[in-house]
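Each remark here refers to the structure printed beneath this line.
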Amino acid sequence: MCGIAGVVDEEGGGIHRERLEKALLKMSHRGPDGDGVFLSGPCILGHRRLAIIDIEGGAQPMVDRESGVAIVFNGEIYNYKEIRASLKCERFHTNSDTEVLLRAYLEHGEGVLAKLRGMFAFAIWDPRDQKLFGARDRFGEKPFYYTIQKGRFFFASELPALRVLLGRDGELCIDRDALNDYLALLYIPAPRTIFRGIFKLEARTAFVWKKGQFRTWRYEALPFPGTRPSGPREEVARELRPAIEEAVRLQLRSDVPVGALLSGGIDSSTVVAIMARELGGRFRTYTVGFGRADDEFPYARLVAERYGTEHTEIRLDENLEQRVERTFRCYGEPFADSSAVPTVAVYEAVSRHAKVVLTGDGGDELFAGYGRYQQAARWPKLSLASWLAKGIDNPRWMRFKAISRLRRGLALASQDPTLSALASVEVFSFGERRWLLGKDAAPILFPAPLSASMELPDAIIWGDFHRYLPDDLMVKTDTASMASSVESRSPFLDPELVRLVAPLSWRVKQSRFQGKTLLRAIARPLLPEAVLRRRKRGFGSPVDAWLSGPLRTFFLDELFSSGFLRDHLEPSALKTIAQEVSSGRGNPHQGWSLFALALWARFHF
């Protein structure tokens, strides 16, 4: 786990060295254990290292002595031992997964991507063809920002570091289309960023930069949900259990101790149960709560006690303003997922004891755990719903919660699966964005084409895998964990496991009234009955109580003092939203998105 950066400039990479070193320093939290720079003709590569595998021998940038091919790599290749055994190379200089990736590229070229089970963002300079080749993992676990300025290619793991690398060459103009996306979704989906002309490499995407020409391609496609026949749920559960066990086993590979985040939900509890069987000894687990009666502490304790883990509980009922400020300093572009606050806090606590933790991330998308999936399965279909939903999508009625809920319900009842799927995730509707952005408001596009036969729950799951998972959930986790120099691993995103589960219909994964019934069947021999029976509970912060309570003054001060908000959004709309949310009547997630935007601008713009 690391931070990477680099430049390819036909006039010579060396002229960028000073700025590259400053960019690496900006990402020191991503790699406190070492740094390095490689220079070869037009290319300069930089690396910050968090040492996890081959502590002594895995330093980067890593260079093949014979060919001069060099790599900077952020992530982990969990099946590196199996890949190493399959390669023709007989002599390795390290025991690292980085060298395996480099050697595999030398043997297989761009075809190496099909062999990787892991999370990664990397760049390989090949002087033989004078090209830079790179890729991002299948689910966006590791970030990759890039831009092309005056015929030169710049990249980095974080947007603030890329801005340092660009120096005065960077033109920082706000992308109004990205701002529209943010208001709808609470994050900015790839390939856009908040700045025009700076991009995120999309998940499952590779690129080549060669002599001023840039080319990208999707190296793998996700299977459509509902395309894999299946037998009874219990039979499918027996088939999948070994695949989950193998995914956890591979991700336990580390030369430092490995812990786990334990929410008391089925996803993380299943991971902890399998870890306990594999490790055969004590390891650390962590749970976070808000000091409320419905915190997840009791369920997490049941699992921790059952498997004898060394358990830590983290409470977020103090220093709330400082925690919020700390969170939004970490995120280099606007990001308003309310669970970012507890996520940053839990990784801060983890960093005192561990460098690596396994999580249950991806379990809800893979096994249909979110409530909106069950809601979609139960929702009726009405012939005029689409027309009516668009008709009442008017900002004049924004303050009325009942009308807002009616509009969303009608959109979900639409016979247009794209409209229904988007309605399940939009925070500001198109009409509301027109109020805030004026003529720059635009409809949100569905992130991937739908199959004509796909049912609505599968369509929403399909959309989440293409957008919410890589552009929200993984951004949240990577940023929060790396801010505290911790590596976060997600066994449910193992590509072999996903290939087995993703094409299953929602009807196998859930019932109309309960999520993750398939995963419950898989985990039944492993978990306490109370954990198996409990309903899904989200990890989001209580922003409704925060913004009308302890954070009310902070919230209003930020919104009304923000020059950025005044410059880019309609002031009368901001005033209305602020008043409604701070009084407890408005949509708290709309208020939180504006709060996060104002804080981002104060810290990063």
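A few points about this structure:
- Taking amide H as placed 1.01 Å from N in the peptide plane, the amide H of Ile314 sits under 5 Å from that of Thr287, Val288, Gly289, each at least 5 places away or on another chain.
- Dipole of segment 245-369, positive end: most advanced residue of Val341, Ile266, Ala276 [Cβ charges, Cα centre]: Ala276
- Taking 14 Å as the cut-off, the amide N atoms of segment 15-32 that come nearer than this to a point 7 Å along the Cα-to-beta-carbon line of Ser351 belong to 26-32.
- Sequence-separation-based contact order of the chain, relative, with Cα cut under 8 Å and 6+ spacing, percent: 16
- Length gained when the stretch Leu450-Phe513 is fully extended (0.36 nm per residue, less Cα-Cα span): 20.2 nm
- Computed lengthening from Glu235 to Lys575, 0.36 nm per intervening residue step minus Cα-Cα distance: 116.8 nm
- Using a simple spin-label model with pseudo-atoms 7 Å out from Cα toward Cβ, Glu110 and Gln322 lie 5.1 nm apart.
- For the pair Arg277 and Val256, a Förster radius of 22 Å applied to the C-beta separation gives a FRET efficiency near 0.60, rounded to the nearest 0.05.
- Across segment 1-62, the relative contact order, built from alpha-carbon pairs under 8 Å that are at least six residues apart, equals 41 percent.
- Estimated [θ] at 222 nm from DSSP helical runs (n ≥ 4, -39500 (n - 2.57)) normalised by residues in the chain, nearest 500: -12000 deg cm²/dmol
- The trypsin sites (Lys or Arg not before Pro) of segment 11-80 that DSSP puts in a loop, and whose beta carbon has at most 11 other beta carbons within 10 Å, are Arg65.
- Electrostatic bookkeeping for Leu469 treats Lys and Arg as +1 and Asp and Glu as -1; over the other residues with beta carbon under 11 Å from its beta carbon, the sum is -4.
- Between His604 and Lys381, the modelled labels are 4.0 nm apart [label points 7 Å from Cα along Cα→Cβ].
- Rounded to the nearest 20, the size of the Cβ-charge dipole of the chain about its Cα centre is 1300 debye, with Lys and Arg at +1 and Asp and Glu at -1.
- Rounded to the nearest 20 debye, the dipole magnitude of segment 2-218 is 420 debye, with +1 charges on Lys and Arg beta carbons, -1 on Asp and Glu beta carbons, and the Cα centre as origin.
- Distance-filtered residues of segment 80-104 - backbone nitrogen under 17 Å, label point 7 angstrom along Glu66 Cα→Cβ: 84-94, 99-104
- Restriction of the trypsin sites (Lys or Arg not before Pro) in segment 415-513 to DSSP coil positions whose beta-carbon has at most 15 other beta-carbons within 10 angstrom yields Arg512.
- Computed over segment 543-605, relative contact order equals 46 percent, with contacts defined as Cα pairs under 8 Å that lie 6+ residues apart.
- Couplings 3J(HN,Hα) for segment 360-367, derived from phi with the Karplus relation 6.51 cos²θ - 1.76 cosθ + 1.60 (θ = phi - 60°), are x, 4, x, x, 5, 5, 6, 10 Hz, where x marks Gly and Pro.
Where a number appears in this text, it was derived from the coordinates with a stated rule and is not lab data. None of these values were measured; they are calculated from a predicted model. Every residue, glycine among them, receives a Cβ derived from its backbone with ideal geometry; neighbour counts consider all protein chains shown.
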